[in-house]
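Asker: Below is the structure I would like to discuss, written out as structure tokens.
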Amino acid sequence: MRYLVLSDIHSNIEALEASVRRAKEAGYEQVVCCGDVVGYGPSPVEVMDMLQELQATIIRGNHDRVISGLDEPTHFNVAARRAVDWTRQQLPVEYQHRLAELRVGPLTVTEKARLVHGSARDEDEYVVTQHDALVNLGLSGPQITFFGHTHEPGVFTRTLYWRPSYESDGTARLRIPSDKVLVNPGSIGQPRDGDPRASFLIWDDTEELFEFHRVEYDVASTQARMREAQLPEFLASRLIFGR
Ligand code: ZN
């Protein structure tokens, strides 16, 4: 089976459409998402509609939790908080309910894999360092944990951190290690690893491969719509830098 693994879409429909187009060319059967469907970007309704069309299995992220009204953005910076207010105003009530009803990770998807947003013990935890990874890999769980939240694609094992280095066609492949792994597909809507292209991965559990992808999309048009919506300039301008 080939799974399309998405995370941190953040209301960016241009990036999501370009990614799904590429993923369809590459081939997949099922879609899973590690959360943060909304927040930051200008297209929360369109993104939620598209995920429904794709019949994606989704867990909630911290932005989804806050925008749904289940929590307040007390730990968010000013720009993120303004985006929360804006998104709440844009989303019809039924969409807010759908966000509030998203399942909370960890969510088992197969006997080999589960989804979390930050980590299995805390959806708000940032797994950034080898130490963060070691602590989490020491907890009980299946071989593969897909996570998001940091917006940086990569794979942690107990002994190493692998960052994709992409071929000219925007792909990077890794044979799945036999050890336990934490795997981040990167962010669709707001990458922060210095590469502005949308990031996702295809998990091929038959071939035992992680296939990371980067896809260019029309950043200028996303930015123009953010400016029109008067979302914070910082959130719009960072998209070209992938930071
Ligand atoms: Zn996020």
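Read-outs throughout are calculated quantities, based only on the coordinates presented, and are distinct from any laboratory measurement. Keep in mind it's a predicted model, so treat the numbers as computed, not measured. Neighbour counts are summed over all protein chains in view; Cβ atoms, including those assigned to glycine, are modelled from backbone coordinates with ideal geometry.
Asker: Name every residue in segment 165-181 that is in a loop (DSSP other than H, G, I, E, B) and not hydrophobic (A, V, I, L, M, F, W, C), in order of residue number.
Answerer: Ser165, Tyr166, Glu167, Ser168, Asp169, Gly170, Pro177, Ser178, Asp179, Lys180
Asker: Looking at segment 1-39 only, could you name the residues that are among the acidic types (Asp, Glu) and free of Cβ contacts under 8 Å to residues at least 24 places away in the same chain?
Answerer: Glu25
Asker: Determine which member of the set His117, His131, His97 is within 22 Å of Val31 (Cα to Cα) and out of contact with any strand residue (DSSP E or B) (no Cβ under 8 Å at 6 or more places or on another chain).
Answerer: Unique residue meeting the criteria: His97.
Asker: Inside segment 1-109, counting only helices (runs of 4 or more DSSP H) that do not spill past its ends, which hold 1 or more residues that are within 24 Å of Asp205 (Cβ to Cβ), within 15 Å of the ligand (Cβ to nearest atom) and touching a helix residue (DSSP H, G or I) at 6+ places or on another chain (Cβ under 7 Å)?
Answerer: Per the criteria, 13-26.
Asker: If we keep just the residues of segment 182-212 that are part of a strand (DSSP E or B) and polar (S, T, N, Q), which is surrounded by the fewest Cβ atoms within 10 Å (Cβ to Cβ)?
Answerer: Asn184
Asker: So in segment 153-163, with the set limited to residues that are assigned to a loop (DSSP other than H, G, I, E, B) and surrounded by fewer than 23 Cβ atoms within 10 Å (Cβ to Cβ), which one is farthest from the ligand (Cβ to nearest atom)?
Answerer: Thr159
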